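**Student:** Encoded as structure tokens, here's the structure I'll be asking about.
The values are calculated or read from the model by the stated rules, or taken from the named source; none is laboratory data. All figures in this text were calculated on a predicted structure; none of them were measured in a lab. Cβ sites come from the backbone with ideal geometry, for glycine too, and all protein chains shown count toward neighbours.
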């Protein structure tokens, strides 16, 4: 019992550190323009790796593309990245992701992540910054045909694409997302 309590406290502490603040920090307009450009290129890479992804994107309520999430760890780990959020192929907002983890881990890596929302309810969780999960445990590696067999877990699909680095990890932790609508985009309804 004591070990379980200690583990839960450790996870909670890592999540608190990873999720400070309530609005994403995606930079100035120039940074946002670059993020959108890189996000579109990354989405094209996901589509090229797995053409079966297209029907899922077309039928989704919305999706977020994080072109680069950087993670590093020596015992305690963290990760962060910025992304662009789309609905029906149109930019509707910006987001950031932070991640905290504890355990046996060492190294660093970069990866891209695509988060697809099945319906409005799950997107609302995301837009309210209440969506949290361990994406490493639920992510599907981007590969030809992978989207065709992927199953929405809690109304969300997550695809990842490694970009570089080496990471040894046997840890527990999770991702926290923060969302901000683009200027002129409607706020999600409660």
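**Student:** Would you point out which residue out of 142, 84 is modelled with pLDDT of 85 or more and in contact with a strand residue (DSSP E or B) (Cβ under 7 Å, 6 or more places away or on another chain)?
**Tutor:** On inspection, the qualifying residue turns out to be 84.
**Student:** Among residues belonging to region 19-45 that are modelled with pLDDT of 90 or more and under 20 Å from residue 156 (Cβ atoms), point out the one that is surrounded by the most Cβ atoms within 10 Å (Cβ to Cβ).
**Tutor:** If we take residues in region 19-45 being modelled with pLDDT of 90 or more and under 20 Å from residue 156 (Cβ atoms), then 39 is surrounded by the most Cβ atoms within 10 Å (Cβ to Cβ).
**Student:** I would also like to ask the following. In the list 137, 73, 147, which residue meets the criterion of being over 14 Å from the mean Cα position of the chain (by Cα), modelled with pLDDT under 90 and not in a strand (DSSP E or B)?
**Tutor:** None of the others qualify; the one that does is 147.
**Student:** Still on this model: Inside region 54-70, can you point out the residues that are at pLDDT 90 or above and more than 13 Å from residue 177 (Cβ to Cβ)?
**Tutor:** 54, 55, 56, 57, 58, 59, 60, 61, 67, 68
**Student:** Within the bounds of region 116-129, is there any residue that is surrounded by fewer than 17 Cβ atoms within 10 Å (Cβ to Cβ) and either part of a strand (DSSP E or B) or modelled with pLDDT under 75 (or both)?
**Tutor:** No - not one qualifying residue is present in region 116-129.
**Student:** Taking the criterion of being touching a helix residue (DSSP H, G or I) at 6+ places or on another chain (Cβ under 9 Å), within 17 Å of residue 183 (Cα to Cα) and touching a residue at least 24 places away in the same chain (Cβ under 8 Å), would at least one residue in region 32-49 satisfy it?
**Tutor:** Checking region 32-49: not a single residue is touching a helix residue (DSSP H, G or I) at 6+ places or on another chain (Cβ under 9 Å), within 17 Å of residue 183 (Cα to Cα) and touching a residue at least 24 places away in the same chain (Cβ under 8 Å).
Residue-wise test of (1) over 15 Å from the mean Cα position of the chain (by Cα); (2) assigned to a strand (DSSP E or B); (3) within 26 Å of residue 128 (Cβ to Cβ).
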position: 43; (1), (2), (3): no, no, yes
position: 58; (1), (2), (3): yes, no, yes
position: 63; (1), (2), (3): no, yes, yes
position: 69; (1), (2), (3): no, yes, yes
position: 78; (1), (2), (3): no, yes, yes
position: 92; (1), (2), (3): yes, yes, yes
position: 95; (1), (2), (3): no, yes, yes
position: 98; (1), (2), (3): no, yes, yes
